[in-house]
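Worksheet for the structure shown next.
Read the figures in this text as sums done on the coordinates, not as results from a lab. These numbers come from a predicted model, not from an experiment. FYI the Cβ positions are ideal-geometry reconstructions off the backbone, even for glycines, and counts take in every protein chain you see.
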Amino acid sequence: MKLLCNYIIIAAIKIATLGDRSGESQGIKTPNITRSVLAQLPPEAAHSIALKVLQFGLFSRKAKGDPSALSQQCFGLDFLNPVGLAAGFDKNASVVPALLKHGFGAVEVGTITPKPQKGNKRPRVFRLREDCAVINRLGFNNEGVEKAARRLAKIYPHTGIVGANIGPNRDSDDPIEDYRICFMRLAPLVDYLVVNISSPNTPGLRAWQGKNNLSRLVSTLQDKRASLISSKGGSIPLLIKLAPDIDEQSRADIASVAVKCKVDGLLISNTTVKRPASLTSIKKQEPGGLSGRPLFKTSTSILADMYRRVNGEIPLVGIGGVSSGEDAYIKIRAGAALVQLYTALIYKGPQLVDNIKISLAEHLAKDGFKNITAAIGIDSTKY
């Protein structure tokens with residue numbers, strides 16, 4: 001397998017460096033070739049190669065300009081567009097500049113833990129091609145906060161908006177201390193921080209969504225951030241990422257804590273442990289978190305519910321099954337100020353980012369909205 005991966009890397013480099021002189025002169029789009037090749041590899045091998053290609057500066061894209069209607073200020077930051085890259089792709093902050101060039105409104109790295117950890121046993125990522133979905137049980141595999149911090153320091157100050165998603169080590173005796181360590185180390189190097197309390201692949205993590213636990217955690221971090229300045233200046237925005245598998249009472253409790261503790265934003269949602277009846281892939285019963293298209297309806301419904309519960313006072317980030325401009329628009333009308341995606345990129349490629357932005361601007365114009373902010377939450381009562 002290692003030999004095959006090396007061969008694929010060389011092939012990808014050749015395709016990319018030949019450019020117009022080979023494939024494109026024959027009408028072939030080289031990124032599509034490489035994506036097709038990567039699709040034949042195991043998911044984690046393909047992911048590693050994609051990171052290498054980005055590290056070498058191959059397939060660098062010149063993203064199209066952002067329509068003015070997509071710009072807005074959210075938790076004190078100026079977003080040129082609402083389309084962000086979700087955490088999970090660049091776990092170790094190794095290719096941030098390359099990703100920003102692809103036109104994302106923001107890039108979120110992580111999940112990052114205090115100490116390096118290998119994560120769960122392989123295989124742990126499964127493509128559900130028929131369902132445009134992925135199941136993963138990675139378990140916060142990453143190189144630890146120090147390596148991520150050093151990489152982020154090298155690109156500081158960065159030109160785009162960069163967030164960091166943080167979590168505790170699997171063997172931690174004090175998860176709050178783990179969050180604090182990552183928070184303090186990364187706050188001066190990024191524009192916002194996301195507290196991940198919703199991954200289904202770290203035992204006990206979702207217990208931090210409980211009212212008392214969440215209140216203790218948020219209060220601790222809020223106390224610490226008073227002395228910290230973000231990379232853009234000012235207080236570092238603190239956001240929380242939620243699971244889609246929480247009941248009505250839990251959503252009420254989380255909304256109450258978020259408003260009371262003045263959380264800057266909520267990300268809705270992480271992957272689900274549920275398996276919709278619509279799934280057709282033979283891998284649908286693999287344990288882990290399900291992401292992608294099958295999560296769209298559930299995550300959007302919870303998004304709208306949380307928008308109502310916080311009375312639109314806290315910006316929400318809509319995640320789960322976004323694969324088109326129409327999807328993004330539905331999330332925004334349900335209550336999202338911003339959206340994030342990852343799984344759809346696996347199936348549609350990096351040009352999806354520009355396509356979503358163009359389509360989203362068209363939807364806004366068609367409905368008479370001069371700016372995205374006017375559309376946020378207007379359909380929230382329909383869910």
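Can you pull the one-decimal nm distance between simple spin-label points at Lys382 and Lys370, each 7 Å off the Cα toward Cβ?
2.4 nm
Could you sort 101-109, 195-203, 114-122 so that the peptide with the highest average Cβ count within 10 Å comes first and the rest follow in order? Intermediate results must be reported in sequence, preceding the final value.
Working: 101-109: 24.8, 195-203: 22.2, 114-122: 15.2.
By packing density, highest mean first, the sequence is 101-109, 195-203, 114-122.
Listed highest first by mean packing, meaning other Cβ atoms within 10 Å per residue, what order do 311-322, 258-269 come in?
Details: 311-322: 23.7, 258-269: 21.0.
Sorting 311-322, 258-269 by mean packing, highest first, produces 311-322, 258-269.
How high is the relative contact order of the chain, in percent, counting Cα pairs under 8 Å that sit 6 or more residues apart? Kindly include the intermediate steps, with their values, before the conclusion.
On the way: 780 pairs, mean separation 59.3, N = 383.
Across the chain, relative contact order equals 15 percent.
Based on the Cβ-Cβ distance of Ala153 and Lys260, what FRET efficiency does E = 1/(1 + (r/R0)^6) give at R0 = 25 Å, to the nearest 0.05? Walk me through the numbers on the way to the answer.
On the way: r = 34 Å, r/R0 = 1.37.
Once the sixth-power term is evaluated, E becomes 0.15.
Need the full-extension length gain, Ala277 to Asp171, defined as separation in residues times 0.36 nm minus the C-alpha distance. One decimal, nm.
Extra length available between Ala277 and Asp171 comes to 34.7 nm.
Give, as a single signed number, the net charge of other residues whose beta carbon lies under 12 Å from the beta carbon of Pro203, with Lys and Arg counted +1 and Asp and Glu -1.
Details: positive: Arg137, Arg170, Arg206; negative: Asp171.
It works out to a net charge of +2.
Just to check I understand the Karplus step: with θ = phi - 60° and J = 6.51 cos²θ - 1.76 cosθ + 1.60, what whole-Hz values come out for segment 353-361, glycine and proline as x?
4, 4, 4, 5, 4, 4, 5, 4, 4
Taking amide hydrogens as modeled 1.01 Å from N in the peptide plane, which residues meet the under 5 Å criterion relative to Asn270, leaving out close sequence neighbours?
Leu242, Ala243
Between Asn212 and Phe56, what is the FRET efficiency for a Förster distance of 56 Å, r being their Cβ-Cβ separation, to the nearest 0.05? All intermediate terms of the calculation are to be shown ahead of the outcome.
Working: r = 48 Å, r/R0 = 0.86.
Efficiency, rounded to the nearest 0.05: 0.70.
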